[in-house]
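Reviewing the structure listed below.
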Amino acid sequence: MFKEESSAKHPANRSQVDALVLGRASEPVALAALASTQFMADQPGSSLEWNAATGSPAWIQGRLSKSKRGTANEISRSFLLDNPAVLGVTAEDVEELKEIDSFDWGGLQFIRHQQCHQGLPVIGASVLVAVDTNKQVKLVTSGLQANLSVQSEEKMISPKEARQIARNDLGEDLELRGAITQRIVLFPTPEGHVEAHQVTIPADNPLGSWNYFISTASGEILDSFNDMKFHSYFFAPRARVYPENPEETPLTTVMLRNINSPYKKLTGLYCKVINEDAPPAEAGRDYRFAFEPDNTHFDECQVYYAVEKAYQYFNELGFRGFKVNNPYGKVNGGQIVANVHVGSKFDNAYYDPSTGQIYFGDGSYPSSPDGLRDLAKEVDVVVHEFTHAVIDEYHPQMFGSEGLALHEGYADYFACSLFGDPDMGEYVVPTSEKDGMIRNCDNDIRYSETSTEPHDRGRAWAGACWHLRKAVGKEVADFMIFGSMLVLSSATPTFKYAKDMLLAIDQNWCGSEYRSIIKRIFEVERGIPA
């Protein structure tokens, strides 16, 4: 999620190192001043510019070396070993340089070396050496730290503690979008370089790639900043939505991902939204889709958000996208269309195999006491219909009473598993008139207790899958259940067949580790034939 407050203004965006580096002026260090004077005299036509922040040369250019045999990497290393004093460092400092990159540009080969001290990388300190086709060094640019001073302090803060310090600083609403990484580095302070944990946190809320430098001795946050590169601070399309539904989650400002440039309409890599009651929603100048829940365009934002959530979820499970059997997706790069405000007070939502699109009615409640509320505002309803489209991508025209029941059971399970909530449709069903939900996956319904109506019989399959999830965890259950759906090879699969495919996935990918659990839940407890 993405707060309304710009990440640029987030208190975690300290960027204190700017004041340290830009505000510091140094005279050329004596070693570099003396050595460079002689070096320049020996290299006619060359030129040098000093780095005021480091006291060593910022760059040297010209014909800086004689032609030598060897690769550009070897020539670069040789030059640095021969001329450490020119760059304000010692031979020992050069020995610790680590080659980290190389590239060709403008007819030169560039080799970049990271400065290290006692094995630790020095933040912001490297040297780039360019070698021409004649095997001569032509340009050196440097950020090497001369006379590196490192404060010696005993380590007290563990990597785990450093991660928690950074997470706490970003706030309780932190939502990750990837794995946290970290390493120990040397970070500059006014008193000299100190050892610090560099912790990098990729986050959706607050949006950014947050870098923290935390003292290994005290746990003090030395600096932190957002390393994400924006077109502008406000370019990310955003909208206010209900992360699950209006009853369980408050309105929250989120980033709408993968929207096509120029980021003004709700069409993107994975989803296009159509409003049957109005022209397409358009974002304002600040790339916000700023609509209140009673505005016709709100549901467009809500469904776009939900479809993106569902698509990413299934992508992580190995979904190939709507590219082969979906009539819309296969000619539109795998994109799916979601339609909102379908019909007039329409009490349903559905996936249409003939169009490859999903549809959401407004519901007829409260004008009809037995009706439903707006189905677009319930994320698990959107995910349920999306799952039907996923199944149809692999198994078009799967039918038969049990085939259709499996369709519903799989759709119920994945809609609930995404958020870890077994209740589906809590918002769309008015609690005062009905049971407060459409269906519940955490049930004990046996196969023999259901009718042949697909939604009714599907409850037994969804319930068995949910209890498998409770037994083995979300990650394992989602993997095996999705796999069992993929390998179905009958247009009219039975519950027994689907259960056997689950056992096959377990045998081939999990070494039959969960065989006894699957057989107990699906055969003994649910009565699905062995």
Rounded to the nearest 20 Debye, what is the dipole magnitude of the chain about its Cα centre when Lys and Arg each give +1 and Asp and Glu each give -1 at the C-beta? 1800
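Sum -39500 (n - 2.57) across every DSSP H segment of at least 4 residues in the chain, then divide by the residue count to get the 222 nm mean residue ellipticity, nearest 500. Don't jump to the answer; show the numbers that get you there.
Numbers: 12 runs with 152 residues, N = 530.
One gets -9000 deg cm²/dmol as the mean residue ellipticity at 222 nm.
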Once phi is turned into θ = phi - 60°, what whole-Hz ³J(HN,Hα) does the Karplus curve with 6.51, -1.76 and 1.60 give for every residue of the range 469-485, x standing for Gly and Pro? 4, 5, 7, 10, x, 4, 4, 5, 4, 4, 4, 5, 5, 4, x, 5, 5
Given 10 °C, 1.306 mPa s and a Kirkwood radius over Cα pairs, the Stokes-Einstein diffusion coefficient of the range 151-226 in µm²/s is 128
Dimensions (Å) - the range 398-530, Cα atoms, principal axes, largest first: 48, 30, 24
Starting from the range 423-530, pick out the GluC sites (Glu not before Pro) whose DSSP state is loop and whose Cβ has at most 14 other Cβ atoms within 10 Å. GLU433, GLU513
At R0 = 30 Å, FRET efficiency that the Cβ-Cβ distance of SER149 and ASN73 yields, to 0.05: 0.50
Tail fraction, Cα-Cα pairs, the range 240-397, threshold 25 Å, whole percent: 26
Give me the distance in nm between label points sitting 7 Å out from Cα along the Cα-to-Cβ direction at SER490 and GLU449, one decimal. 2.5
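Suppose the chain between GLU276 and ASN258 were pulled fully straight at 0.36 nm per residue; how much longer would it get relative to their current alpha carbon spacing? Walk me through the numbers before you get to the answer.
Values: separation 18, 0.36 × 18 = 6.48 nm, distance 2.28 nm.
Gain on stretching GLU276 to ASN258: 4.2 nm.
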I'd like the Karplus ³J(HN,Hα) series for the range 347-359: coefficients 6.51, -1.76, 1.60, θ = phi - 60°, whole numbers in Hz, and an x wherever there's a Gly or Pro. 8, 6, 9, 7, 10, 10, x, 6, 9, x, 10, 10, 9
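Over the Cα atoms of the range 30-142, compute the convex hull volume and normalise it per residue, giving Å³. Kindly include the intermediate steps, with their values, before the conclusion.
Values: hull volume 11.3 nm³, N = 113.
Each residue corresponds to 100 Å³ of Cα convex hull volume.
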With just the Cα atoms of the chain, tell me how far they stretch along each of the three principal axes, in Å, largest first. 94, 53, 48
Using the Karplus curve 6.51 cos²θ - 1.76 cosθ + 1.60 with θ = phi - 60°, work out ³J(HN,Hα) for each residue of the range 245-258 in order, rounded to whole Hz, and write x for Gly and Pro. 6, x, 7, 9, 9, x, 4, 9, 7, 10, 7, 8, 7, 6
Mean-position separation - Cα centroids, the range 66-100 and the range 445-470, in angstrom: 70
With 31 Å as the limit, write out which pairs from LYS265/LYS499; LYS160/LYS519; LYS265/LYS330; LYS309/LYS499; LYS98/LYS155 have Cα-Cα distances beyond it, or answer none. LYS265/LYS499; LYS160/LYS519
Candidate cut points under GluC sites (Glu not before Pro) in the range 126-203, DSSP loop plus at most 10 other Cβ atoms within 10 Å of their own Cβ, are GLU154, GLU172, GLU191
Kirkwood radius from Cα pairs of the range 59-121 plugged into Stokes-Einstein at 37 °C, 0.692 mPa s, gives D in µm²/s equal to 258
Scan around GLY208 for amide H atoms under 5 Å from its own, H built in the peptide plane at 1.01 Å from N, and keep only partners 5 or more places away or cross-chain. ALA203
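Values quoted throughout were computed directly from the atomic coordinates according to the rules given, and no laboratory measurement underlies them. Keep in mind that what you see is a predicted model, and the values were worked out from it rather than measured. We place every Cβ from the backbone using ideal geometry, glycine too, and count neighbours over all the protein chains shown.
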